[in-house]
Every structure is written in C-alpha cells, then in structure tokens.
1. Tell me, yes or no, whether the stretch 31-44 has at least one residue that is crowded, with 16+ Cβ neighbours inside 10 Å, in contact with a strand residue (DSSP E or B) (Cβ under 6 Å, 6 or more places away or on another chain) and either in contact (Cβ under 8 Å) with a residue 12 or more places away in the chain or within 16 Å of residue 395 (Cα to Cα) (or both).
2. Could you list all residues from the stretch 215-235 that are under 19 Å from residue 271 (Cβ atoms) and surrounded by fewer than 19 Cβ atoms within 10 Å (Cβ to Cβ)?
3. Sort out which residues of the stretch 100-123 are in a helix (DSSP H, G or I), at pLDDT 95 or above and surrounded by fewer than 19 Cβ atoms within 10 Å (Cβ to Cβ), and write them in order of number.
4. Within the stretch 379-409, count every residue that is in contact with a strand residue (DSSP E or B) (Cβ under 7 Å, 6 or more places away or on another chain) and at pLDDT below 95.
5. Quick one: how many residues across the stretch 68-99 are part of a strand (DSSP E or B), modelled with pLDDT of 95 or more and within 21 Å of residue 216 (Cβ to Cβ)?
6. I'd like to verify a number: residues in the stretch 79-99 that are crowded, with 17+ Cβ neighbours inside 10 Å and out of contact with any helix residue (DSSP H, G or I) (no Cβ under 7 Å at 6 or more places or on another chain), how many?
7. Of 160, 169, 133, which residue is out of contact with any helix residue (DSSP H, G or I) (no Cβ under 8 Å at 6 or more places or on another chain), in contact (Cβ under 8 Å) with a residue 12 or more places away in the chain and not in a helix (DSSP H, G or I)?
C-alpha cells in the first residue's frame with residue numbers, strides 16, 4: 001500500500017493550499033501525481049544494500065535492483081511506552097491506531113496516552129466511537145499547537161489529565177483495570193470497570209532504521225543523520241521524512257525533504273551518467289504488481305463499482321493471469337450478501353478469466369457471506385474472503401486472484417523452499433476491517449503462502465460482520481492472524497514473519 005503514517009490520519013488540516021482532507025485522499029492524489037510523471041511502484045521489501053562502488057545494489061524479496069542513487073524514506077512506527085501490561089494486552093485492549101481500531105470500542109471508555117499532535121487529534125476522532133475519552137499527558141500541557149490541543153481540551157466528551165502517566169493495565173478478556181499516577185502530586189488512581197475499555201498509545205514514533213545500522217550514520221535514537229541537502233553519510237544515498245533528524249515531523253516537512261533530496265539525486269545521477277557512460281533504458285511498460293485503488297470516490301459518486309482507471313488496471317492484471325478461476329459464493333439473508341454478489345458479478349463482467357457460481361444462498365452467518373477462490377474445475381486454492389473485498393482489501397483480493405491463477409508475485413528461491421516445507425495442514429484466519437491500512441500487508445503475504453502451498457489456507461474475515469469470531473478470539477485490534485484456531489498474533493507481517501510464526 002502507498003503512503004506512510006499520513007495514510008492512517010483521519011483528517012489533515014495543516015497542508016498548505018488544502019483546507020481539509022483525509023490522509024488517504026492526500027496520498028492517493030500524491031501517488032497519481034507521481035505516476036503521471038513516470039514513477040513506477042513495486043510491491044517489495046528491501047532486505048539489504050551494497051553501497052560500494054558507483055553502482056549501488058538494493059536487495060529485495062522480489063530480486064535485486066542496481067542503481068546510481070537511493071532515497072531512504074522508511075518512516076517510523078508507533079513507539080511503546082512500557083507500562084505494565086502494555087505488551088501483554090496489545091490487540092486486546094491496547095491499541096496504536098485510532099482509524100484501524102477505534103470502532104472496537106464503540107460505547108466504551110477510552111484512555112489515550114500521549115501529549116503530542118497525534119494524541120490530541122486522534123482523541124477527538126475517537127469520540128466518534130467512545131462514550132468518553134480520558135487523555136493522560138505526561139507533561140504540564142500538550143506539546144502540539146494550541147489550535148489542535150484546544151479541540152481536545154474543549155471537547156465535551158474528553159477529559160485531559162496533565163502530569164499523569166499510565167502505570168499498569170490488566171484484565172482477563174480485555175482491559176478492566178488501569179492504574180495511573182499524577183507525577184506532580186503523587187496521587188495514584190485505580191480505574192476498575194465491569195465492562196472492558198481501551199487504551200490508545202500515541203507517544204511518538206521510533207525510526208524504521210533497523211536494517212540501516214552500519215550502512216549510513218544514525219544518531220543515538222536511530223534517526224538518519226543528513227546534511228542540508230538530505231544526503232546521508234554514504235555517497236548517492238539520501239533520506240527524507242520521519243526517518244530523519246528534524247524538529248518537526250509533519251507531512252509538509254516530509255514533502256519538503258523529498259523535493260530537496262530528489263533534486264540533489266537528479267544532479268548526482270546526471271554526474272554518474274557522465275562518469276560511467278551508463279544510462280538506464282525506460283521500460284516499455286510498467287512491470288509493477290501494484291494495483292492502485294485510486295478513483296474509488298469517483299466511482300461511488302458515479303454509482304459505478306469501478307472507474308475507467310480501475311478497469312484499465314484490472315484488465316492489465318487479468319491479461320497476465322495464466323488460468324481461469326471460479327469464484328464460489330456462499331450467501332445468507334443479510335444485505336451484505338447481496339452486496340458481495342453484486343460486487344463479484346461486476347468484477348466477473350470485466351473478464352473471461354473469472355467464473356461466478358452461487359453455491360449456497362442459506363449458508364451459516366458464521367461463514368457467509370463468503371467468496372472462495374477456486375480453479376476452473378472447482379479445486380479450492382485455499383483463498384477465501386468473508387465479507388465484501390472492497391476498501392483497502394480490494395487490492396489484496398485482486399492480488400490474491402493473480403497469485404492463485406499464476407504466475408503470481410515473484411518469490412525468491414529461499415522463500416519458495418520455506419513455503420514448500422510446510423507439510424502439515426495449516427489454516428490461517430486473517431481478521432481485518434476495510435478501513436485499516438495495515439491489514440492488506442498481512443492479507444497479501446498470507447494469501448501468497450496459501451496460493452503456493454496446497455497444505456495452507458488463508459481465509460480473510462471483515463470482522464465487522466462476524467461478531468462470533470471476534471468474540472471467540474477476543475479481538476480488539478486488526479490485523480489479527482489466527483493459526484489453526486489456536487495461535488493468535490496481531491500486527492502487519494510480511495511472508496518471512498508469517499513463516500517464523502508458523503515455525504514456532
């Protein structure tokens with residue numbers, strides 16, 4: 001998926017020239033703009049670098065890329081606070097993404113830990129779901145702009161406690177106990193509840209620079225050291241955005257970094273072309289396996305499921321599919337089943353590579369609505385989606401079809417062998433919501449494994465329509481991976497990380 005932390009921000013009001021927009025809408029526009037200038041997007045994970053010599057090498061799980069210059073924009077991920085019970089209750093009461101997990105706490109009490117921009121903004125967003133929000137600010141005031149902080153301070157459903165830190169949370173099936181302390185007075189408060197509540201942590205971010213140690217210079221906190229031109233300690237390597245040392249981390253400063261770094265890289269690459277006499281040929285067509293979901297809003301406004309741009313992208317994917325697929329539908333009496341049938345019907349009308357068959361119109365609500373991806377002869381591929389694969393899961397569903405039909409997304413030989421080594425029957429359930437921007441990473445990786453190995457199944461559930469499954473595994477955060485109905489883990493994962501979980 002395209003975009004970093006900004007893509008999960010509900011509302012952006014501080015980007016010059018745009019009065020108000022969502023993070024997702026802004027990143028969609030940025031992606032379209034980049035593509036219009038010729039940028040290509042590749043779904044791949046960088047695993048290492050070779051920066052010696054004039055030609056740099058970037059190693060990824062989709063192969064190696066050789067280049068003159070590299071721009072590092074790996075961003076940052078939410079930082080944990082370390083209060084007692086935080087790690088234990090991740091995904092079961094403790095959360096880090098309001099957009100992804102806020103709905104799980106509808107009508108409940110929510111505590112927010114943090115005192116910066118994200119804490120203030122996301123607390124206001126959480127009032128859409130919560131009965132009441134209490135913000136625990138470690139210092140004597142918010143550290144963000146007063147205009148943002150005042151929205152939280154003046155909200156009728158929000159209480160702000162300054163000089164206060166969370167010390168402990170606990171509970172059996174969710175959080176029912178919290179203890180927090182006023183560091184100025186020493187007063188300790190114990191909050192006990194008969195019903196579960198949520199704790200959202202917005203305490204800043206940690207830079208995603210684990211694989212860059214020893215590659216470029218980092219400071220003590222792990223942020224990349226750059227000069228005034230965004231150049232790192234390595235020639236031809238630049239950095240931009242939240243991964244850099246900077247006093248202000250906002251989308252406007254990230255774009256500024258990117259513009260400066262790109263301009264400097266352009267000069268550097270031109271110099272290297274003159275030095276080496278080497279020049280890359282422009283590809284005749286894009287080889288990216290990315291399927292952008294741009295145009296969704298336009299489609300909704302026109303009453304169509306797919307815009308002309310989306311149809312064009314889908315046609316490209318369908319043309320590459322080696323086999324025809326049968327999409328088997330299992331429906332129940334709920335309106336969501338009718339929505340799924342209409343969705344698959346419209347998708348199937350775009351290509352002769354897809355055949356639709358309604359198998360059961362009275363299936364159990366704990367299973368339906370469901371679309372199973374099968375080969376043309378009816379053989380199951382192990383891939384299925386329970387709900388309607390729209391929103392952020394539209395991309396992952398189409399990639400699932402591509403992987404099931406072949407040739408599928410590229411796998412390196414080591415990963416392919418690791419997947420082939422799974423000899424026991426393995427059932428993976430991936431619990432998601434369509435608003436979660438982190439869920440597709442896990443879905444795509446799990447489906448790729450299942451498409452490769454007949455011993456593995458990957459069933460995706462839009463958890464909003466399957467209350468029984470949510471309660472069975474006590475899920476209060478997405479994405480959630482359940483293996484063989486026993487092992488439960490939370491958070492986005494790539495193929496290697498899933499394989500690690502399977503081997504434990």
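1. yes
2. 227, 228, 229, 233, 234, 235
3. Matches in the stretch 100-123: none.
4. Residues that pass the stated criteria total 1.
5. Qualifying residue count, the stretch 68-99: 3.
6. 11
7. Being out of contact with any helix residue (DSSP H, G or I) (no Cβ under 8 Å at 6 or more places or on another chain), in contact (Cβ under 8 Å) with a residue 12 or more places away in the chain and not in a helix (DSSP H, G or I) holds for just one of 160, 169, 133, which is 169.
Here's the yes/no breakdown for (1) farther than 17 Å from residue 399 by Cβ; (2) within 27 Å of the chain's Cα centre (by Cα); (3) modelled with pLDDT of 55 or more:
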residue	(1), (2), (3)
263	yes, no, yes
272	yes, no, yes
300	yes, yes, no
309	yes, yes, yes
326	yes, no, yes
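The values are calculated or read from the model by the stated rules, or taken from the named source; none is laboratory data. Here the structure is a predicted model, which means the values were calculated and not measured. As a convention, Cβ positions derive from the backbone with ideal geometry for all residues, glycine included, and neighbour counts pool all protein chains shown.
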